[in-house]
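Here is the structure we will look at.
The values are calculated or read from the model by the stated rules, or taken from the named source; none is laboratory data. Here the structure is a predicted model, which means the values were calculated and not measured. Positions of Cβ are backbone-derived with ideal geometry, glycine not excepted, and every protein chain shown enters the neighbour counts. For the accessible areas, the whole protein counts, side chains as well, though only heavy atoms, and no ligand, DNA or RNA atoms are used. Shrake-Rupley method; radii C 1.70, N 1.55, O 1.52, S 1.80 Å.
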Amino acid sequence: MLTIRDLTIHVGNNQIVGIDELDIERGARLGLVGESGSGKTMTAMSLVGLQHRDCRVTGSVQFDGRELIGCGEKDLARIRGSDVGMIFQDPLRALNPTMRVGRQIGEAIRLHARTSRAQLRARVHDLMTQVRLPDPDRLARCYPHQLSGGQQQRVLIAMAIACDPKLLIADEPTTALDVTVQKEILDLLVRLSSEKQMAMLFVSHDLGVVRAVSEQVAVLYSGRLVEVGPSDAVIGDPRHRYTEALVAANPGLISSDETDVLIGQPLPTITGSVPAPGAAPSGCAFRNRCAYATDACEAVPPMKNVDSERRFTCWNPSVDVKAGSHGTR
Amino acid sequence: MAARRSRSPQLIVGAALVALLVLAGLLSLVWTPYDPAALDVTNKMAPPWTDGHLLGTDQLGRDVVAQLMAGALNSLLVAVLSTAGAVVLGVALGLTAAGGGRFWSDTLTRATDVAIALPGILVALVLATFFGPSNTTAIVAIVVWFVPGAARIVIGPARQVLAREFVEAAMAYGRSRSFVLFRHVLPNLGPLIIVMASMMFAGAILTEAALSYLGLGAQRPTPSWGRLLFESQSVIGQAPSLVVFPGVCIMLAVLGFNLLGDGLRSRLDPRHAREVVV
Amino acid sequence: MALVEINALSFSYGRAPVLKDLSFSIEQDSTLGIVGESGSGKSTLIRVLCGLMPVQSGIARYDGRDISEWLDREPRGFRRRNQIVFQSPASSLDPRMRVGQSLAEPTKSLERRTPSDEELGQWLTVVGLGPEALQRYPHQLSGGQLQRVAIARALTVNPTMLYADEPTSALDVSIQAQVLNLLIEIRRRLGLTMVIVSHDLAVVGRVCEQVIVMRNGEIVESGPTASVLRYPEHEYTKSLVNAARAVSLGASHDAADAII
């Protein structure tokens, strides 16, 4: 349904993003993972023409058979409002502080459909129930700042799904939230996506969060895809050395039997940080931080297919030690 | 982006106008084409380019260029002193209001709100009645008029700086509130204060002209643009240029400082200076 | 020996109670994690303990001495022993000061002397940066580097106790691991007692031996981290652990699948 081909984003003379190929099927959920500076947010924004004015976007993004790159602002605005919904990291900033919550959701509905007042009210109530906001009638009369962070994010989700979009773009929607609220919001997104057959592009720096919501994951480093595939497979058995390092650096070993052994033990880390735009090394952009880099890495690694669903670009991929372990699950 | 930083046309035009004004004013200390007070009785209300009077003479035969140059000096003097006074007092007040205890903070914030609502021109009139019209009166009036505004501009940003974590860290290593205000908050407000000062400077020039036009500012023989305007308005029919020239001077000076302020704003504001797009 | 002892400590902003009747102690040379969600009072608690907020009621002792009294009589001595690191790397350093100036501040303020560049450079080395960073301005450094500088600044006065308020929650996962490792390492190397406030159980589970779970200004559960995380007793702790497990990579796949 969403087909990205040879998408590049330039700022000045620096190429920030270069994605050869990425697809999202109807109703599927894809997680886009990367560190700050990897270009993940810029990629998500540029899909619907919301890139910064200094960015130059080329290539092809087809949505439901329609080309979005080079599409007029008017058409893009219509697509954003009706076929693509969006939610962001900071819900309070995305909401109008002077307008009651119910009216804001109503506005989102009215953008695409003319409805009577009574219908509108019923629809707002319905949407608020769908996103599990308690006591919709009372909350609808509140201003955004009177709601908790989780409730604000639910309001934003309600607005995003008001017109039954075919794709929801979620940019770090839970980063600012507490863990228990984060779980509720992730649950909600997954449920809405399945019920409504709504595809989702979920952008995050946290592999754990991405795996909790999406079946597919695409790992972005310095603006390039380094590994794409089913989340469990990619995280359980990463091939690209960068993915491997990202997985290892995640401290999330909650309540496993090893906890008492692991306390106070250093975590594996990735040294250094993401290169600044234009400062990435030639060939494999990760090679200056990679413990396994060899001379071969000075050349751009080709995309290799593991199977029909998985591919990665690494000259020295991690050995497939866990081969077959997925079959037992 | 580097190009955008250094070549702001506003900044260049503003700085050029201000430089012209300052040069003319300073030059008048050592040289003017004629003595600004000297009367050339044979050449009253001479049009421009008459007998070496570049912009002509006024109704008493005084050289217009000389008077404008001396007027520039007076305007600058009043503007420098009043802006400096207003900025120092306003920033001090604003910092106290932002960083003081709850009581001071509330009291001072309300007080500045009230003071802003007072019509400044009335304050000036009252002062002039008490102390008699003079440059000093004009300066005091402008300071009193501008201080609450300056404080108001500073309070919000100062509170924002105070809310940042390096302020808490400074408290944790034992720095006092006043140290934090002067060594952390003040430097961080530097760009804001510079921009504010240049805008105020423009306001001060305009206000000085208005006050001396009303007869509340500099008295004879000190030349002043505002008084030149006032004196020449009775002969506007015979010699319109006598009204036009001081008017243009005031306008250019105000424009110069406003452009300079705008230019400095976009140059010093980190949001403009370092636009990060990644 | 207990380094910090808290008895019936309460705190409120105006009428709103933030800390309700807390009692616990922190052992010397231990690492304590304080876990809770926004509004639980965890940040206020450590601010009271490190002297940024007053002890309103109850007793708080540090090394056997009453904290408020100590702060009144000898504030510098207290502050030198208790330092704190904050959440946001972007705002924890004055943007108008070079790193070297920021690093020198605690020593100037608490020891009344100006430290040499050599001394400051050594602290930067301790946190994994080179002395050349002394000349940099904060905007020239990355988030992880800024957090290292903030940690170095706290260390310059050789504190006994280091508080950290969400030290990694503004950082990417990859950088978070670097900073956590740094905290683990300096703790071991310098023999610090450390208190880490975090909403992230995984972080606490990796660094802290003891944990306190807070909710609405009260302690709902406390104990050794391993057992609290593995066998949570209070319902609230259970929900925290479940929520964290759902987005955890190391946990069993069944736990992660449960959410989908």
For segment C:173-232, which positions are outside any strand (DSSP E or B), touching a Gly at 6+ places or on another chain (Cβ under 8 Å) and among the hydroxyl-bearing types (Ser, Thr, Tyr)?
C:Thr225
For segment A:40-51, indicate whether the set of residues that are touching a residue at least 40 places away in the same chain (Cβ under 8 Å) and within 14 Å of chain C (Cβ to nearest Cβ) is non-empty.
yes
Going residue by residue through segment A:81-89, is there one that turns out to be under 25 Å from A:Arg123 (Cα atoms) and in a loop (DSSP other than H, G, I, E, B)?
yes
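Report yes if A:Val247 is open to solvent by 10 Å² or more (accessible area, probe 1.4 Å), touching a residue at least 24 places away in the same chain (Cβ under 8 Å) and outside any helix (DSSP H, G or I), otherwise no.
Criteria not met by A:Val247.
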Considering segment B:210-250 alone, what residues qualify as being of a type in the set (Val, Ile, Thr) and open to solvent by 20 Å² or more (accessible area, probe 1.4 Å)?
B:Thr222, B:Ile236, B:Val243, B:Val244, B:Val248
Return the pairs, sorted by first residue and then second, in which the second residue is of a type in the set (Ser, Thr, Tyr) and part of a loop (DSSP other than H, G, I, E, B), the first residue lies in segment A:263-281 and is at the interface with another protein chain (Cβ under 10 Å from one of its Cβ atoms) and open to solvent by 40 Å² or more (accessible area, probe 1.4 Å), the beta carbons are less than 6 Å apart, and the residues are 6+ apart or on different chains.
A:Ser273/C:Ser142
For residues that are open to solvent by 10 Å² or more (accessible area, probe 1.4 Å) and more than 12 Å from chain C (Cβ to nearest Cβ), scanning just segment A:191-225, find the one that is nearest to the chain's Cα centre (by Cα).
A:Gln216
Of the numbered conditions (1) in a helix (DSSP H, G or I); (2) assigned by TED's automatic domain parsing to the domain that holds A:Asp6; (3) exposed (fewer than 15 other Cβ atoms within 10 Å of the Cβ), A:Gln119 fails exactly one; give the number of that condition.
(2)
Restricting to segment A:11-60, what's the tally of residues that are farther than 24 Å from A:Arg289 by Cα and small (Gly, Ala, Ser)?
8
If we take segment B:105-209, then helices (runs of 4 or more DSSP H) inside it with 1 or more residues that are open to solvent by less than 30 Å² (accessible area, probe 1.4 Å), touching a Ser or Thr at 6+ places or on another chain (Cβ under 7 Å) and within 14 Å of another protein chain (Cβ to nearest Cβ) are B:165-172
Under 7 Å between Cβ atoms, which residue pairs at least 6 apart in sequence (or on different chains) link something in segment C:135-159 that is closer than 14 Å to C:Gly121 by Cα and at pLDDT below 90 with a partner that is of a type in the set (S, T, N, Q) and surrounded by fewer than 21 Cβ atoms within 10 Å (Cβ to Cβ)?
none
Tally time: how many residues in segment C:64-97 are in contact with a helix residue (DSSP H, G or I) (Cβ under 8 Å, 6 or more places away or on another chain) and more than 19 Å from B:Tyr173 (Cβ to Cβ)?
1
For strands (runs of 3 or more DSSP E) lying entirely in segment A:1-40, having 3 or more residues that are open to solvent by less than 10 Å² (accessible area, probe 1.4 Å), under 17 Å from A:Met200 (Cα atoms) and not small (Gly, Ala, Ser) picks out A:29-33
Those residues of segment C:34-63 which are more than 22 Å from C:Cys208 (Cβ to Cβ) and touching a residue at least 40 places away in the same chain (Cβ under 8 Å) amount to C:Met53, C:Val55, C:Gln56, C:Ser57, C:Gly58, C:Ile59
Considering only segment A:42-99, how many residues are surrounded by fewer than 19 Cβ atoms within 10 Å (Cβ to Cβ) and among the small types (Gly, Ala, Ser)?
9
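Check C:Val203, C:Val197 and return the single one that is within 13 Å of the chain's Cα centre (by Cα), at the interface with chain A (Cβ under 10 Å from one of its Cβ atoms) and aliphatic (A, V, I, L, M).
Only one candidate passes the filter, namely C:Val203.
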